[in-house]
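Engineer: Below you will find the structure I want to go over with you.
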Amino acid sequence: MREMLNCKIHGGYVTNSDLDYEGSCGLGPDLLEASGILPFEKISVLNISNGKRIHTYVIKEKEDKAITLNGAAAHYFKKGDKVIILCYKLQGEHCIKNHKARIVILDSDNSIKSNSLRGLDYE
């Protein structure tokens, strides 16, 4: 088994951070649907603005385009920070050659700019 990228949300901006919330990364329903990420699924969040990386789980936000970082993560992620969100899956060796990752690219207001599948032959 190999841990492979399942989906990536690239270039989004944090819409809110709340230190006093119990934790997690909130994603709007549009982003969940486009990426295929499920509530409570483990993700990595990379902060392009300051280089920090965390692992957390997803909750569903009410508003489309929402990207929120809560709890301890709020120390490292502030409103307006540019982020990448990654989700992985275990893939059997026999399936690797057909593996494709979902790549969702966002624009400056977290609208979906593109949504595509990329295989191992992507350049």
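Values in this text are rule-based calculations from the coordinates and carry no lab data. Quick caveat, the model's predicted, so the values are computed rather than measured. Using ideal geometry, Cβ is built from the backbone for each residue, glycine included, and neighbour counts are taken over all protein chains shown.
Engineer: Remind me, relative contact order of the chain in percent, using alpha carbon pairs under 8 angstrom and six or more residues apart?
Structural biologist: 40 percent
Engineer: Modelling each spin label as a point 7 Å along the Cα-to-Cβ direction, I'd like the ASN98/SER116 distance in nm, to one decimal.
Structural biologist: Output for this residue pair reads 2.2 nm.
Engineer: Here is a further query. Suppose we keep just the DSSP beta bridges with both residues in the chain; what percent of those would be antiparallel, to 5?
Structural biologist: 75 percent
Engineer: Treating only the Cβ of Lys, Arg, Asp and Glu as charged (+1, +1, -1, -1), what charge dipole size does the chain show about its Cα centre? Round to the nearest 20 debye.
Structural biologist: For the chain, the charge dipole is close to 360 debye.
Engineer: In nanometres, what is the gap between the two model label sites at LYS82 and LEU46, each 7 Å from Cα along Cα-to-Cβ?
Structural biologist: In this crude label model, LYS82 to LEU46 measures out at 1.3 nm.
Engineer: When the label point is put 7 Å from the Cα of LEU90 along its Cα-to-beta-carbon vector, which residues of region 1-20 have a backbone N closer than 19 Å?
Structural biologist: Under 19 Å, as judged by backbone N against the label point of LEU90, lie 1-7 of region 1-20.
Engineer: Okay, helix-only estimate at 222 nm for the chain: each DSSP H run of n ≥ 4 adds -39500 (n - 2.57), divide by all residues, round to 500 deg cm²/dmol; what do you get?
Structural biologist: So the helix-based figure for the chain works out to -1500 deg cm²/dmol.
Engineer: Which far-off residues, 5 or more places away or on another chain, put their amide H under 5 Å from the one on ASN110, with H placed in the peptide plane?
Structural biologist: Placed amide hydrogens put TYR13 under 5 Å from ASN110.
Engineer: Would you mind giving the average projected area, over all directions, of the Cα convex hull of region 2-118 in nm² with one decimal?
Structural biologist: 6.8 nm²
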